[in-house]
Every structure is written in structure tokens, then in C-alpha cells.
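Notes to accompany the following structure.
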Amino acid sequence: MKKLRCPSPFMGEKSKKKRADKIHAKLKDLYPEAQCALEFGGDPWRLLVMARLSAQCTDKRVNEVSRPLFEKYPDVEAFASSRLEELEEAVRPCGLYRTKAKSIRDTARILTEHFGGEVPQDKETLLSLPGVGEKIANLMLGDVFGDPHIVADTHCIRLAGRLGLTRETDPSKVTRALEKIIPKKEQSDFCHRIILLGREYCRAQNPSCENCPMKNIAE
């Protein structure tokens, strides 16, 4: 059977905004509970660590690795005083373990020394932390601090293109494009829901186009 493809007639901002509204309305029906797939238990520090571990790693693997990780290092102070070699081994299954372990420990030390062990709530300061880019900063702001933002991960980028919301593929440019057409208060939830759609239907390989609930909306 010939695979269906989501049409992508890239249009003006008003038309894209209408399309984005229709897409998100459908996403709300499909996935009424919009929440982060990382099981951080509401702890800002844990989400920051897990978001760092998620680079080029699945959320499922990060959740599995994080359970024993946080048993061994229960708080930011424990990470700050950790032996780097031991921390590397603890996060090894997530890949890029040397870089990730060092940035996590360095961040823990910065937070301990300069922020009383608390994760800062402003974007500029978050971006100054080792290993924290716009995607992680926006995730933190939306899921912990009640300031919704676009989180342009690989699923979001892929689906935004397939559904005709932007031609861009650079994460920062996708973020800017979606900020224009997704209402501010809906941005974090939109990204969580589109990730679920990407995992269930609009996969990078072998997308289930015939069964995709968005195929008519995208036309």
C-alpha cells in the first residue's frame, strides 16, 4: 500500500495560525493529559538533570536510569560532591556520559555555591548553566515555573514540518516560528501533545499515515 504523506502547503501567518489552532484542538481530544514524559516528580533539579540526560537518548531510558541515580544522589548537594568517575558510570546508559556527567556536576556546584541549591527561574540564568540550551530552559520554564514555552525537540521539529506549520528545521528557528502561531498559554502543552502524536503515529521511520488522526486536518 502506498504511504500517505502529510501535505505541507506553507502559507501565511494567519492561515498557519488557523491550522495550528485546529491541530491543537485535535491534539487536546487525543491527549487530554498533557504532561512531560520525564518522571521528575515535580522536582526542578531532577527535571534539569533528566533533561540533560535526554540528549540523544529516549525518555524511557532516562526514566529507567534516573531511578537508581537519584537514590544514589538524592539532591543537588550530593551531585555537587560526587566523584566524576562514579557519576559517569551511573549515567553511562544514556550515552555521551562523560560530557553529561561533567555538565551535571558542574551545574550542581554552581547552584550550590551561588543559588542556595535552587534552580533559577529566569531564562537568561538557566541558559548560563553548563549544558543548558534553549530547549532545556524552555522545558524548565513551562513544566516547573508556570511560564509556557515552545520546546523544539526532534518530534516537534519533525511534525511542525510535516503538518505545514513551518519550513524551518533549526531548533531556534522552529521555536520562533511556533511562538508566532501557538498561543503563549498553550505552548508547553502543545509540545507535550505533539510529542505523543509523533511517538504513536508520525514516527521518523515508518509513520502510520493511514491511521493518523491529523491526515484530514493537514489537507
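Nothing in this text is a laboratory measurement; each read-out follows from the coordinates by a stated rule. In this text the structure is predicted, and so the values were computed from the model without any measurement. Cβ coordinates were reconstructed from backbone atoms using ideal geometry, including for glycine residues, and neighbour counts include every protein chain displayed.
Would you mind getting me the FRET efficiency between Glu118 and Gln56? Use the beta-carbon distance for r and R0 = 45 Å, nearest 0.05.
On the way: r = 28 Å, r/R0 = 0.62.
With R0 = 45 Å, the Cβ-Cβ based efficiency is 0.95.
Springs between Cα atoms under 10 Å define the GNM used for the chain, and in it the highest mean-square fluctuation of Gln56, Gln121, Gln35 occurs at Gln56.
Shown here: percent of Cα pairs over 23 Å apart, derived from the displayed model; of the candidates (i) 49; (ii) 57; (iii) 44, it corresponds to (i). Between the helical axis of 59-72 and the longest alpha-carbon principal axis of the chain there is an angle of about 20 degrees.
Label zone of Arg67 (point 7 Å out along Cα→Cβ, amide N under 11 Å): in the stretch 88-131 this covers no residue at all.
Determine which lysines satisfy two conditions relative to Lys215: a Cα distance under 22 Å, and not lying fewer than 8 residues away in the same chain. Counting by Cα, and skipping residues close in sequence, Lys215 has these lysines nearby: Lys2, Lys3, Lys14, Lys16, Lys17, Lys18, Lys22, Lys26, Lys28.
So what is the calculated 222 nm ellipticity per residue for the chain, using -39500 (n - 2.57) for each DSSP H run with n of 4 or more, over all residues, to the nearest 500 deg cm²/dmol?
Details: 11 runs with 122 residues, N = 219.
For the chain, the value works out to -17000 deg cm²/dmol.
Name the shape class, rounded, prolate or oblate, that the alpha-carbon gyration tensor gives for the stretch 44-143, where a ≥ b ≥ c are the square roots of its eigenvalues, rounded holds for a/c under 1.5, and otherwise prolate holds if a/b is larger than b/c and oblate otherwise. Mind showing how you got there, number by number?
Numbers: a/c = 1.66, a/b = 1.20, b/c = 1.39.
Oblate is the answer for the stretch 44-143, as a/c is 1.5 or above yet b/c matches or exceeds a/b.
Once the Cα atoms are used to define both axes, helix 187-200 deviates from the longest principal axis of the chain by about 80 degrees. Here is the list for the stretch 61-158: GluC sites (Glu not before Pro) lying in DSSP coil, each with at most 12 other C-beta atoms within 10 angstrom of its C-beta, are Glu118.
Once the Cβ-Cβ distance of Lys22 and Asn206 is raised to the sixth power relative to R0 = 22 Å, the FRET efficiency obtained is 0.30.
Given contacts defined as C-alpha pairs under 8 Å and at least six residues apart, what's the relative contact order of the stretch 44-143, whole-number percent? Don't skip to the answer; put the middle values down first.
On the way: 101 pairs, mean separation 29.5, N = 100.
Here the relative contact order equals 29 percent.
Bridging of Lys180 to aspartates and glutamates at a Cα separation below 13 Å is possible for Glu13, Asp21, once same-chain residues fewer than 8 apart are set aside.
The long axis of helix 171-181 is offset from the longest Cα principal axis of the chain by roughly 50 degrees. Across the stretch 120-127, computed HN-Hα scalar couplings (Karplus, 6.51 cos²θ - 1.76 cosθ + 1.60, θ = phi - 60°) run x, 9, 10, 5, 4, 5, 4, 5 Hz from first to last residue, x flagging Gly and Pro.
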